[in-house]
Amino acid sequence: MLLPELAEKIVKEVRKLIGEDIIVVNIDGYIIASTDIKRVGTFHEGALVAAQKKRKLTITDEDQLKLMGVKAGINLPIFFQHDVIGVIGITGEPNKVTPFGEVIRKMTELLISENYYAEQFDWHTRAVESFVMDWVQAKEWTDSFLSNAKLLSIDIEVKRVVVLIEFLELTSPLSRDSWSSIFNRFQQNTKEVVARSGNERIVLLINCSNGRSRASIEKRLKQFFQFLTTNFGIQAAAGVGQAFESKEISNSYRQAEKSLKIAKLNNTITFDEDLTLEMISEDINPKTKADFVMRTIGPLLKEKELLETLKELFKQNHSLKNTSNQLHIHINTLHYRLKKVEELTQLKSNNIHDLVILYLGILFLDEQTKIMNYK
């Protein structure tokens, strides 16, 4: 079915090629879009004939007296998947506009085809996203759930690992073409499931029925991150859960969520199996974390340079040399900054007890970022 919204788009695009008036007519003979707005909704007998006979109809000045609602020009049936779904008409001297006819029809059919496959992509994307979120949130496996799995060709019987990928500092929503390109990177292996989660996250369910090593998962994610950077200028982080049977996949999802929080600190890939201190922090309520931040590194909240220095210090495993290199500062400058941290917080970065406190402060601060408007 040819909808008015698409018909209007067709009229606008075709008008760029030819200066004549354009109409798009449905298979019942009613104009649903036109460069002449007064003709929309009126009956066009010539278009009805063209649709019924499935061929081009030329309308002469004489035909204007015989057929209802017509003007001189040509009417071309629009085909989609071998069926006539409408008619496009070009008003004007037939001999003048006929040479444009086939080009206009092909362009129209291409626009309709692109629109159809775009709608199919959007429908499938939304359907998979909804299904996956029901799955990973431990919703009951109803008859409807099982039917949707079959409809979407998703194998829900195999063991899987959940990977959560988040795009960092995305400035604008990704286009449909971008998402299509991203999905194609994963869907070469039909046994894996990939879904959007909003505009900034991907949920990837990796099939582990035949075993899938940590190294292979990490390699693939790094290749994907490189693809994102090269093609879209996007930085990303990923949290990876552990393998679970299909009905327990929510456990892997929760692990991936925890891992992603840590991964976002350093724009890295973090596996749940590597979490230690972070496991405990998950059980601390947000209010306690916020209080801890204020009590420990609160004086640094307006000192972005010092906060970034501490984050890099932890990222470099407290290597002063590597930290200064990564920050592109002299080692003496680094010492000065750490001395400033000590003065403001009364916590020494070379004291193991104080260092743990500083690390936890930075860890909890990242979770409070949106609240405190830090960054």
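The values are calculated or read from the model by the stated rules, or taken from the named source; none is laboratory data. Quick caveat: nothing in here was measured; it's all calculated off a predicted structure. Cβ atoms come from the backbone with ideal geometry, glycine included; neighbour counts cover every protein chain shown. Surface accessibility is based on the protein's heavy atoms, side chains included, excluding ligands, DNA and RNA. Shrake-Rupley method; radii C 1.70, N 1.55, O 1.52, S 1.80 Å.
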> So, in the range 311-354, of the ones that are among the charged types (D, E, K, R) and under 19 Å from N266 (Cα atoms), which residue ends up most open to solvent (accessible area, probe 1.4 Å)?
Replying inline: K321
> Restricting attention to the range 219-242, which residues are among the hydrophobic types (A, V, I, L, M, F, W, C) and buried (at least 17 other Cβ atoms within 10 Å of the Cβ)?
Replying inline: L221, F224, F225, L228, I234, A236, A237, A238, V240
>> So A195 ticks every box in (1) farther than 14 Å from I249 by Cα; (2) among the hydrophobic types (A, V, I, L, M, F, W, C); (3) modelled with pLDDT under 90 but one. Which box is left unticked?
In response: (3)
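This table checks each residue for (1) open to solvent by 50 Å² or more (accessible area, probe 1.4 Å); (2) basic (K, R); (3) farther than 21 Å from E119 by Cα.
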{"residue": "E20", "(1), (2), (3)": "no, no, yes"}
{"residue": "G29", "(1), (2), (3)": "no, no, yes"}
{"residue": "A47", "(1), (2), (3)": "no, no, yes"}
{"residue": "A50", "(1), (2), (3)": "no, no, yes"}
{"residue": "E62", "(1), (2), (3)": "yes, no, yes"}
{"residue": "G86", "(1), (2), (3)": "no, no, no"}
>> Quick check on my filter: what residues within the range 271-315 are within 19 Å of E342 (Cα to Cα) and outside any helix (DSSP H, G or I)?
In response: I297, L301, K302, E303
> If you check I262, I284, which single one turns out to be crowded, with 17+ Cβ neighbours inside 10 Å, of a type in the set (A, V, I, L, M, F, W, C) and in contact with a helix residue (DSSP H, G or I) (Cβ under 9 Å, 6 or more places away or on another chain)?
Replying inline: I262
> Does the range 222-251 hold any residues that are part of a helix (DSSP H, G or I) and either over 15 Å from L205 (Cβ atoms) or within 15 Å of the chain's Cα centre (by Cα) (or both), and which are they?
Replying inline: K222, Q223, F224, F225, Q226, F227, L228, T229, T230, N231, F232
> Looking at the range 100-118, is at least one residue among the aliphatic types (A, V, I, L, M), surrounded by 12 or more Cβ atoms within 10 Å (Cβ to Cβ) and outside any helix (DSSP H, G or I)?
Replying inline: no
>> Residues that are under 19 Å from R126 (Cβ atoms) and not aromatic (F, W, Y): does the range 226-240 have at least one?
In response: no
> Any idea which of E245, E308 is in contact with a Lys or Arg (Cβ under 7 Å, 6 or more places away or on another chain), charged (D, E, K, R), open to solvent by 10 Å² or more (accessible area, probe 1.4 Å) and modelled with pLDDT of 90 or more?
Replying inline: E245
